Each structure stands twice: as C-alpha cells, then as structure tokens.
Amino acid sequence: MPKASDYDLIIIGGGASGLMCAQSAGHLGKKVLVLDSSNKVGKKILMSGGGRCNFTNYFIEPENFLSKNPHFCKSALSRYTQWDFIALVEKHGIAYHERKHGELFCDDSAKAILKMLLDECAESNVQIKTKCHIEFIDFEKNDEPCEENSDEQDNDGHQYTLRTNVGVYTANAVVVATGGLSIPTMGASGFGYEIAEQFKLPVLPRRAGLVPFTFSDKTKAITERLAGLAIDVSMTANNQSFRENMLFTHRGISGPVALQCSNYWHTGDLIHINLLPDLDAESFLLELKNSHPKSLLRNVLPDNFSKAFCLELQNLWWPEAKETIIAEFPDAKLRGIATRLSNWTLKPAGTEGYRTAEVTLGGIDTDAISSKSMECKTQPGLYFIGEALDVTGWLGGFNFQWAWASAVAAAESI
C-alpha cells in the first residue's frame with residue numbers, strides 16, 4: 001500500500017496555469033508544491049502584452065478557441081469566467097484598461113499579475129521550488145478498497161513519486177502545467193507531452209500558433225522594403241477572417257491580423273488580404289476616375305497607404321501605366337486592380353515557428369481528459385491544464401482565460 005504522501009498535489013510548471021491552480025488549491029486547504037525548471041516563475045506572464053499582460057477579455061466565447069473537440073473548453077470557461085478573474089485583479093487593486101475588442105491590460109506592468117498570483121500562493125502556503133528538473137515520475141496504485149466510512153479521500157489509493165535534482169517528492173495528484181513549445185528562450189519544452197506519452201495518453205500533432213508569416217518568393221523583397229509599415233486590413237485564411245493591423249517585417253508579415261490568421265493557416269495554404277476593408281474597391285476606383293481624372297493612381301490611393309506602399313502596389317499591378325492619368329485607364333483595368341486591392345492573394349513559405357509563436361496548437365488530445373476536472377480518464381490523479389492541452393485561444397487574452405479556467409477546474413476537483 002502506498003505510503004503517506006508529502007503533498008496533496010504537485011504542480012509541474014510555474015506559469016500562468018500552474019500558479020493559478022496552486023493558489024486555488026491552496027485556498028481549498030490542499031498542501032501544494034510547485035516545481036519549475038526555470039530560475040524564476042511566470043516569465044511568459046511578464047513578457048505578455050508588451051509587458052502589460054493582456055490577462056483576459058470581456059468577450060470570452062467557446063468560438064474563440066481551436067480544438068479537435070470544440071466543446072471541451074465550455075465547462076471550465078463557464079465555471080470560472082473572465083468576471084471571476086477580473087474580480088481577483090480588482091481585489092488586489094490592480095489598475096487596468098480595455099483596448100479594442102474587449103482586451104484587458106494592466107495600466108502599469110505585467111509584474112502586477114505575477115505578484116498577485118504569488119501573493120495568493122503565499123497566503124495559501126503554497127511551496128514553490130525553481131531550478132528543479134524532474135528526472136522521472138513513478139506511479140503506485142493501491143487496489144485495496146478503503147474501509148467503509150473511512151476518512152481517506154478518494155485519491156488516497158494512489159501516489160506519485162517525483163525524483164528531481166533537488167529531492168524526491170510524493171503526492172496523491174500531479175498537475176501538468178508545463179505549457180507548450182512556444183518561445184523556448186522562456187524555458188518552453190515538450191516535457192508535458194513526454195509525461196502524457198509516459199502514461200500512454202494520445203498527443204496530437206503540434207505547430208506554432210499566433211505567429212508571423214514568412215515568405216521566400218518576390219513578396220519577401222516587398223516586405224523587406226516596407227518593414228515597419230502597419231496597415232489596417234482584413235485577412236482571411238481557410239475561410240476565417242480577422243480585421244486588425246498588418247505589419248510588414250524583414251521576414252514577412254506580422255501584426256495582430258497575421259497572428260490571428262496563422263492559427264487557421266496550414267503549410268501550402270493561401271492568405272487573402274483586403275487592403276480596403278471599409279470600401280467597395282471597384283466603386284472607389286471608378287469614382288476616382290471621375291473625381292481625379294488627371295491624377296496618377298498612386299497619388300490618390302487612401303491616406304493610410306504610404307507613398308512607398310503605393311509604389312509597391314503600382315509595380316505589382318499597373319507598372320506599364322505608372323505615368324498614365326486615371327482618366328486614361330480603361331474601366332476593365334481599374335476593375336482588375338480593384339479585385340487585387342480587395343483580395344491580395346499571397347502564399348506564405350511558412351511561419352517564424354516556435355521562436356516567436358505565442359502559443360502551441362495541438363497537444364494532448366482532450367478525448368483523454370475530463371472536461372469538468374482536467375483529470376486523465378485512464379490515469380487517476382494525473383491532470384493537464386493550460387497550453388499543454390489541445391485548446392488554443394485567439395489573440396487578445398483568450399489563452400490566459402483558458403489558463404485560469406482550466407487551472408481552477410483542476411484545483412476544485414482534487
């Protein structure tokens with residue numbers, strides 16, 4: 001029979017979901033240990049939102065998340081909502097503001113969110129150990145039934161032993177909050193997937209999400225020349241459209257709209273960009289022909305198009321008529337340019353990958369996990385939360401809300 005455990009639960013990973021789970025379980029009276037391989041916890045929290053931490057969103061819906069099972073996220077998100085996390089932020093007196101699309105950011109620094117979580121952990125006597133590398137995880141199960149009216153908890157019939165470089169620890173439950181593969185410089189690794197595979201859980205293919213596009217064709221030269229320019233556009237990938245800023249870079253195309261579309265894009269797919277999302281491009285150009293007949297087309301395109309960008313478009317779509325006044329453009333020619341302005345079709349060579357990706361798409365198959373408790377269906381006492389699971393949110397605070405909600409779901413069920 002397993003011996004008495006040191007802890008009720010051990011959480012592997014001291015990021016957003018790990019710290020949230022720790023403080024939640026601690027406040028419920030559980031004895032909690034957090035193990036993190038980095039020299040300090042919460043690194044990705046500190047860098048998020050440009051250092052201001054986009055900690056949630058006013059408008060959280062299941063439709064804002066990608067998963068093989070789109071229903072999986074509903075239970076946790078409905079039981080711990082954005083309003084619950086906002087209440088915690090307000091309890092700690094953290095000033096915040098709303099940006100577009102309901103995104104909520106700290107007024108000052110992301111440090112406030114990390115301090116809030118650490119203060120909550122300290123208040124509930126959570127122990128945190130950094131620079132801790134796990135060498136192996138062992139599981140021992142007690143098949144003997146508990147005596148009737150026993151005070152033992154349901155999960156006291158099994159025990160996990162974790163051997164690390166700083167000691168051996170045991171617990172009745174292990175929560176894997178290791179995140180994904182995105183931004184390895186912040187300590188990201190595939191360790192959570194290795195744990196899943198050790199316990200024979202299915203892991204779906206993974207790829208970088210919320211990540212800039214790269215190009216290898218003539219488009220790359222264009223993006224290099226326009227690097228730093230941002231334009232408000234509508235972009236579509238695989239029939240999913242977003243309206244945000246697009247940023248040209250030395251490697252390709254970034255900005256919020258590209259990051260959003262990258263979640264829906266697969267290698268070989270095209271992306272479609274509407275450069276005039278507020279206008280009917282054909283009507284706009286034909287009207288210019290009447291209102292500015294003696295002007296060159298490059299000189300009368302919208303104000304948000306820089307001179308350099310207008311020249312690039314000219315070289316792409318009407319180089320032979322660059323010195324031709326609009327009055328001399330056949331209507332058919334203007335209609336053709338309008339079609340391209342409203343549907344600039346590009347084929348990315350790829351993305352910048354995990355180096356700059358904000359999230360990891362795919363991961364541990366949710367079919368193997370309880371949507372209510374985050375516990376493995378076939379492995380008692382083993383839980384997975386946050387980014388390690390096959391649940392990925394849009395840009396704008398959705399991934400943090402999934403971290404908070406899935407963490408609380410696990411804490412409340414242990």
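The numbers here are math on the coordinates, done by the rules we state, and not lab data. Everything numeric here is computed off the predicted structure, so don't read it as measured data. Quick reminder, even Gly has a Cβ in these numbers, built from the backbone with ideal geometry, and neighbours come from all protein chains shown.
What the table shows:
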| read-out | value |
| --- | --- |
| Simple Cβ-charge dipole of the stretch 213-351, Lys/Arg +1 and Asp/Glu -1, about Cα centre, in debye nearest 20 | 340 |
| Exposure proxy order (Cβ contacts within 10 Å, fewest to most) of 213, 284 | 284, 213 |
| Over the chain: helical MRE at 222 nm, DSSP H runs n ≥ 4 each giving -39500 (n - 2.57), nearest 500 | -8500 deg cm²/dmol |
| Within straight-line cross-link reach of residue 200, lysines at Cα separation under 24 Å, skipping those fewer than 8 residues along the same chain | 68, 141, 372, 377 |
| Once the Cα gyration tensor of the stretch 213-351 is diagonalised, semi-axes √(5λ) in Å | 27, 15, 13 |
| Karplus-derived HN-Hα couplings along the stretch 193-199 (A = 6.51, B = -1.76, C = 1.60, θ = phi - 60°), whole Hz, x at Gly and Pro | 5, 5, 5, 4, 5, 4, 9 |
| Per DSSP, loop trypsin sites (Lys or Arg not before Pro) in the stretch 7-71 with at most 15 further Cβ within 10 Å | 40, 68 |
| Answer label for P(r) over Cα pairs in 20 Å bins from 0, in percent (calculated), chosen among (1) 25, 46, 21, 7, 1; (2) 24, 58, 14, 3, 0; (3) 22, 40, 23, 8, 5, 3, 0 | (1) |
| Dipole axis of the stretch 213-351 (+1 Lys, Arg; -1 Asp, Glu on Cβ), positive-most option in 279, 305, 228 | 228 |
